[in-house]
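S.K.: If you scroll down you'll find the structure; I have some questions about it.
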Amino acid sequence: MKASYNRLIEGNKKFAASKKFGDPEYFKKLSLGQKPDYLWIGCSDSRVPANEITGTESGEIFVHRNIANLVVHTDMNLLSVLEYAVKFLNVRHIIVCGHYGCGGVNAAIGNDLHGLVDNWLRNIKDVYIKNQQELEAISNIDKRSDRLTELNVIEQVRNLAKTTIVQEAWKTRELYLHGWVYGINSGLITDLCVIKTGIENIEPIYKLS
């Protein structure tokens, strides 16, 4: 266990040295603050690191991650991140990024008991029920899971648009919401083209004045 743990410390030393070699002032400049254009809401899966798969540097993307990249209106953690990113960092783009082969999505499709997480995954089951006819027309379980992954991302983008934080921002400036899915087996991102740019994209009952 000690060797596995020490590997991280040694890795950090190499990381710091490589950054300083490329730019001796790298960490000094980084310590002055952050001004990201993007908020990333992604899955906790260790195979989907936001900076690596987008080719961005530290400070360019503000990141929130949870199981299956959900936007739940009662999640104070997510809402706090969202408010800070929108109101104080003034991000211009919010990206919800799911990924194919998501364990949370796969678990939500089934009926096995997993523990506390099942209460969280119920949000995905709600997406399934909303799109049940389309999903159950897909006989291949892997392809059904892939489609539910896409539909889940689309639903979470819609949930973002319903928040008071996003709607208040839309009153004064441009803020773009995007839905992506990352292919772990290809390394490529698919843009689901569900860009939402303003209050007109929301069903009337969710519009706040």
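S.K.: Residue by residue through the stretch 20-78, note down the ones that are of a type in the set (Ser, Thr, Tyr), at pLDDT 95 or above and out of contact with any helix residue (DSSP H, G or I) (no Cβ under 9 Å at 6 or more places or on another chain).
M.R.: Hits for the stretch 20-78 are Ser46, Thr54, Thr74.
S.K.: Can you go through Ile184, Ile124 and tell me which one is assigned by TED's automatic domain parsing to the domain that holds Ile61 and touching a Lys or Arg at 6+ places or on another chain (Cβ under 9 Å)? Outline the logic, then answer.
M.R.: Details: Ile124 fails: touching a Lys or Arg at 6+ places or on another chain (Cβ under 9 Å).
None of the others qualify; the one that does is Ile184.
S.K.: Let me ask another. When the stretch 121-149 is examined, which residues are found to be under 22 Å from Leu82 (Cβ atoms) and surrounded by fewer than 19 Cβ atoms within 10 Å (Cβ to Cβ)? Even if it seems obvious, please write down each step before you answer.
M.R.: Here is the first cut: in the stretch 121-149, the residues under 22 Å from Leu82 (Cβ atoms) are 121-124, 126-127, 149.
Those that are under 22 Å from Leu82 (Cβ atoms) and surrounded by fewer than 19 Cβ atoms within 10 Å (Cβ to Cβ): Arg122, Asp126.
S.K.: A further question follows. Report, by residue number, each residue of the stretch 173-202 that is more than 17 Å from Tyr100 (Cβ to Cβ) and touching a Ser or Thr at 6+ places or on another chain (Cβ under 9 Å).
M.R.: Glu174, Leu175, Tyr176, Leu177
S.K.: Right, here's the next one. Could you figure out which of (1) closer than 18 Å to Val72 by Cα; (2) touching a residue at least 60 places away in the same chain (Cβ under 8 Å) isn't true of Asn185?
M.R.: Status for Asn185: all satisfied but (1).
S.K.: Another question, then. Being out of contact with any strand residue (DSSP E or B) (no Cβ under 8 Å at 6 or more places or on another chain), assigned by TED's automatic domain parsing to the domain that holds Gly110 and within 19 Å of Asn106 (Cβ to Cβ) narrows it down to one residue among Asn152, Asn159, Asn140; which is it? Steps first, answer last, please.
M.R.: Working: Asn152 fails: out of contact with any strand residue (DSSP E or B) (no Cβ under 8 Å at 6 or more places or on another chain); Asn159 fails: within 19 Å of Asn106 (Cβ to Cβ).
The conditions single out Asn140.
S.K.: Could you list, in sequence order, all residues of the stretch 159-173 that are of a type outside the set (Gly, Ala, Ser), in contact with a Leu (Cβ under 9 Å, 6 or more places away or on another chain) and part of a helix (DSSP H, G or I)?
M.R.: Start the filter on the stretch 159-173 by keeping residues that are of a type outside the set (Gly, Ala, Ser), which leaves 159-160, 162-168, 170-173.
Okay, now just the ones that are also in contact with a Leu (Cβ under 9 Å, 6 or more places away or on another chain), so 159-160, 162-168.
Asn159, Leu160, Thr164, Ile165, Val166, Gln167, Glu168, listed by residue number.
S.K.: Can you list residue pairs whose Cβ atoms sit under 9 Å apart, with the first residue in the stretch 124-142 being within 17 Å of Ile154 (Cα to Cα) and the second being among the hydroxyl-bearing types (Ser, Thr, Tyr) and in a helix (DSSP H, G or I)? Count only pairs 6 or more apart in sequence or on different chains.
M.R.: Listed by first residue and then by second, the contacts come to Leu135/Tyr128.
S.K.: Consider Val153 against the criteria (1) modelled with pLDDT of 95 or more; (2) in contact with a Gly (Cβ under 7 Å, 6 or more places away or on another chain); (3) in a loop (DSSP other than H, G, I, E, B): it satisfies all of them except one. Which criterion is unmet?
M.R.: Status for Val153: all satisfied but (3).
S.K.: Which residue out of Asp191, Asp112 is over 16 Å from the mean Cα position of the chain (by Cα) and of a type outside the set (A, V, I, L, M, F, W, C)?
M.R.: On the way: Asp191 fails: over 16 Å from the mean Cα position of the chain (by Cα).
Answer to the check: Asp112.
The values are calculated or read from the model by the stated rules, or taken from the named source; none is laboratory data. All values derive from a computational prediction rather than experimental measurement. Backbone-built Cβ (ideal geometry, glycine too); neighbour counts: all protein chains shown.
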